[in-house]
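Here is the structure we will look at, set down as structure tokens.
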Amino acid sequence: MNGFTYRHADSSSLCAADKPNRLLETSASSGWTSLLIDHHEGAGRSETFETHPTEDLTLVVATAGRHELESFSRGRWRLALYQPGSAGLTPPGERARLRWRTPSDRQPFRTLHIYLPGPLLFALADEYRRIGQDMRGDLLSVLVFRDETVAMHANALLAASRDGAPDLYAAGAAQWLVTHLLSRQAGWQHVADDPRLAATISDRRLSRVIEYMSAHLDRSLTLPELAREAGIGVHHFGRRFREATGMGPAAYLTVMRVGRAKVLLRTTDLAIAEIALRCGYSRAGAFATAFLRHVGVSPSDYRHLR
């Protein structure tokens with residue numbers, strides 16, 4: 001993720017104490033910070049308990065035994081059966097009210113509780129928005145689902161923690177798990193179909209729009225196209241872009257095109273008509289007019305002076 005380092009929240013380290021399950025082992029002892037994995041065991045029947053809220057995305061994966069999990073939500077209890085390969089998700093900041101039971105006290109179950117950094121989740125979600133999609137974060141609250149690939153990676157993480165693998169292993173696994181869970185569980189929508197389009201533009205999205213402009217200066221760019229790249233509604237995009245840069249998207253694009261033209265005029269022998277095309281102007285006259293307005297001299301005079 002572009003060199004950023006993501007750490008699991010300190011609050012995740014407090015989650016094990018709020019569970020009636022017995023804590024068998026934790027990756028905290030291995031020195032990992034890119035994620036936290038707690039290995040729990042339970043048997044019999046638990047009293048109703050609430051999970052400790054954390055800023056991380058919580059992934060629970062059943063690894064052994066069988067148990068029934070009940071979650072209280074919207075005034076009623078919901079029941080889910082957990083067996084090896086079953087998993088559940090709790091989004092950052094959400095507190096769950098739970099209780100569980102096993103077929104008998106002699107049949108324990110085991111689960112892995114993996115805490116994936118919230119900032120990593122939001123950064124990866126933003127990557128999806130970059131290509132014109134929006135995340136429905138509410139769908140990251142999942143009582144139970146089955147995903148053998150997730151179960152396999154969770155068990156591999158536990159084994160790696162036991163073997164003393166470096167935190168680099170945990171960081172790579174965290175990025176893959178979050179990306180996989182987003183793609184399978186977050187219910188991606190096309191940005192144009194989302195009635196809840198964001199009305200803000202973050203620094204990350206703004207930089208991507210500018211990069212997109214720079215990579216496509218040779219062709220016509222529309223406002224809806226740029227808004228799509230920013231992951232923001234077209235009605236808000238122009239205003240938010242102006243607030244962030246001090247000029248509208250069209251004016252900013254013209255400045256970038258003139259800047260590119262100045263470089264080409266200084267460093268190449270390309271014909272002015274060719275430079276106009278490479279900078280997004282289909283007519284050399286329109287290019288000359290824009291260049292004169294921004295630089296104060298014509299393209300040919302600028303080349304001669306330089």
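The values are calculated or read from the model by the stated rules, or taken from the named source; none is laboratory data. On a predicted model such as this, the values are computed, not experimentally measured, just so you know. When we count neighbours, we look across all protein chains shown, and the Cβ atoms used for this are built from the backbone with ideal geometry, even at glycine.
Taking segment 1-73 and the strands (runs of 3 or more DSSP E) fully enclosed by it, the elements with 3 or more residues that are buried (at least 16 other Cβ atoms within 10 Å of the Cβ) and at pLDDT 95 or above are at 36-42, 57-64. Scoring residue 265 on the criteria (1) crowded, with 19+ Cβ neighbours inside 10 Å; (2) touching a Phe, Trp or Tyr at 6+ places or on another chain (Cβ under 9 Å); (3) at pLDDT below 90 leaves a single failure, condition (3).
Of the residues making up segment 276-290, those that are closer than 18 Å to residue 266 by Cα and more than 40 Å from the chain's Cα centre (by Cα) number 2. Could you tell me which of the residues 83, 133 is of a type outside the set (Lys, Arg) and at pLDDT 90 or above? Going through 83, 133 in turn, the sole match is 83.
Going through segment 288-306 one residue at a time, which ones are hydrophobic (A, V, I, L, M, F, W, C) and over 15 Å from residue 251 (Cα atoms)? Passing the criteria: 288, 297, 305.
Residue 81 falls short of the stated requirement of being part of a strand (DSSP E or B) and either free of Cβ contacts under 8 Å to residues at least 60 places away in the same chain or closer than 13 Å to residue 113 by Cα (or both). When you go through 240, 266, 260 one by one, which is the residue that is closer than 16 Å to residue 212 by Cα and outside any loop (DSSP other than H, G, I, E, B)? Only one candidate qualifies: 260. The set of residues in segment 1-46 being touching a residue at least 40 places away in the same chain (Cβ under 8 Å) and acidic (Asp, Glu) consists of 25, 38, 41. Do we have any residue at all in segment 229-250 that's under 21 Å from residue 294 (Cβ atoms), touching a Ser or Thr at 6+ places or on another chain (Cβ under 8 Å) and assigned by TED's automatic domain parsing to the domain that holds residue 295? No: zero hits.
Here's the yes/no breakdown for (1) closer than 20 Å to residue 29 by Cβ; (2) of a type in the set (D, E, K, R); (3) modelled with pLDDT of 95 or more; (4) not in a loop (DSSP other than H, G, I, E, B):
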| position | (1), (2), (3), (4) |
| --- | --- |
| 114 | yes, no, yes, yes |
| 126 | no, yes, no, yes |
| 151 | no, no, no, yes |
| 156 | yes, no, yes, yes |
| 180 | no, no, no, yes |
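Regarding segment 58-68, can at least one residue be identified that is out of contact with any helix residue (DSSP H, G or I) (no Cβ under 9 Å at 6 or more places or on another chain), over 21 Å from residue 151 (Cα atoms) and in the same structural domain as residue 161 (by TED's automatic domain parsing)? For segment 58-68, residues out of contact with any helix residue (DSSP H, G or I) (no Cβ under 9 Å at 6 or more places or on another chain), over 21 Å from residue 151 (Cα atoms) and in the same structural domain as residue 161 (by TED's automatic domain parsing): absent.
Screening residue 82 against (1) loosely packed, with under 15 Cβ neighbours inside 10 Å; (2) of a type outside the set (Val, Ile, Thr); (3) closer than 24 Å to residue 174 by Cβ leaves a single unmet condition, (1).
One residue stands out in segment 205-233 among those that are outside any helix (DSSP H, G or I) and β-branched (Val, Ile, Thr): the one that is nearest to residue 277 (Cα to Cα), namely 222.
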